[in-house]
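What follows is one structure encoded as structure tokens, with my remarks underneath.
The values are calculated or read from the model by the stated rules, or taken from the named source; none is laboratory data. Because the structure is predicted, anything quoted here is derived from the model rather than measured. With ideal geometry, Cβ positions are generated from the backbone for all residues, glycine too; neighbour counts draw on all protein chains shown. To get the accessible areas, we keep the full protein, side chains included, count just its heavy atoms, and leave off ligands, DNA and RNA. Shrake-Rupley method; radii C 1.70, N 1.55, O 1.52, S 1.80 Å.
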Amino acid sequence: VSKEVNCTLERAYKFRIYPDAEQEELIQKTFGCVRFVYNHYLDKRIELYKTETKTLGYNACSSDLTELKKQITWLKEVDATALQSSLKDLDFAYQNFFRRVKQGGCNAGFPNFKSKHNHYKAYKAKMNISLGDDFVKLPKLGAVSCRVSKQIEGRILSAYAL
């Protein structure tokens, strides 16, 4: 008896975007908000771990993020999935931290804070992404002009803005 398995490959494509001035400003705001959320919850997790040797999980941080967005209104201006992805990245960094602690690493330090002066800035968008002939539609940004050099196969799962 043979069984046919439907395997789909995930592919990555890289396209250069050409945002206008408004879109560029929103991209820069998103970089700042993603960095702020990451650093805010990293600080909370470090303090909780130092005082009670407990940690906050992704779900606790995610539900607290909705409360934080009510207090800090400029967090509402950017894409919510980018902020959630930042929390996922932080959770992944913390899992690596605990793995190093369990292995007895003497240099098992906490994850690093994100710096404003680092030249590598990125965020990940996850929903409502589509590609046209000469544009890509991203959440909160709308249609951003881009140079499409290859035909996309399959569906778009996420987009990184670098």
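So here's what we get for this one:
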{"read-out": "Among 43, 20, 91, residue whose mean-square fluctuation peaks in a GNM of the chain (springs only between Cα atoms under 10 Å)", "value": "20"}
{"read-out": "Under the Debye formula (equal points on every Cα, no solvent term), log10 I(q)/I(0) of region 5-101 at q = 0.17 Å⁻¹", "value": "-0.86"}
{"read-out": "Net +/- balance of residues flanking residue 11 in space, Cβ distance below 12 Å, scoring K and R +1, D and E -1", "value": "+1"}
{"read-out": "Ellipticity estimate at 222 nm from DSSP helix runs (n ≥ 4, -39,500 (n - 2.57)) divided over the chain, nearest 500", "value": "-15000 deg cm²/dmol"}
{"read-out": "Tensor-based shape of the chain (alpha-carbon gyration tensor, a/c under 1.5 rounded, otherwise prolate or oblate)", "value": "oblate"}
{"read-out": "Residue of 18, 58, 38 that the Gaussian network model of the chain assigns the largest fluctuation, springs spanning Cα pairs under 10 Å", "value": "18"}
{"read-out": "The chain, relative contact order [Cα under 8 Å, separation at least 6], %", "value": "29 percent"}
{"read-out": "Debye intensity ratio in log₁₀ form over the Cα atoms of region 70-162, taken at each q of 0.10 Å⁻¹", "value": "-0.41"}
{"read-out": "Top of 48, 65, 83 by mean-square fluctuation, Gaussian network on the chain, Cα under 10 Å", "value": "48"}
{"read-out": "Nearest-ten-degree value, helix 21-52 long axis tilted from longest Cα axis of the chain", "value": "20 degrees"}
{"read-out": "For residue 144, residues with placed amide H under 5 Å, excluding near neighbours", "value": "136, 137, 138"}
{"read-out": "Proximal aspartates and glutamates to residue 70, defined as alpha-carbon separation beneath 17 angstrom and excluding residues fewer than eight positions away on the same chain", "value": "79"}
{"read-out": "Largest-first ordering by accessible area, 1.4 Å probe, given options 157, 56, 90", "value": "157, 56, 90"}
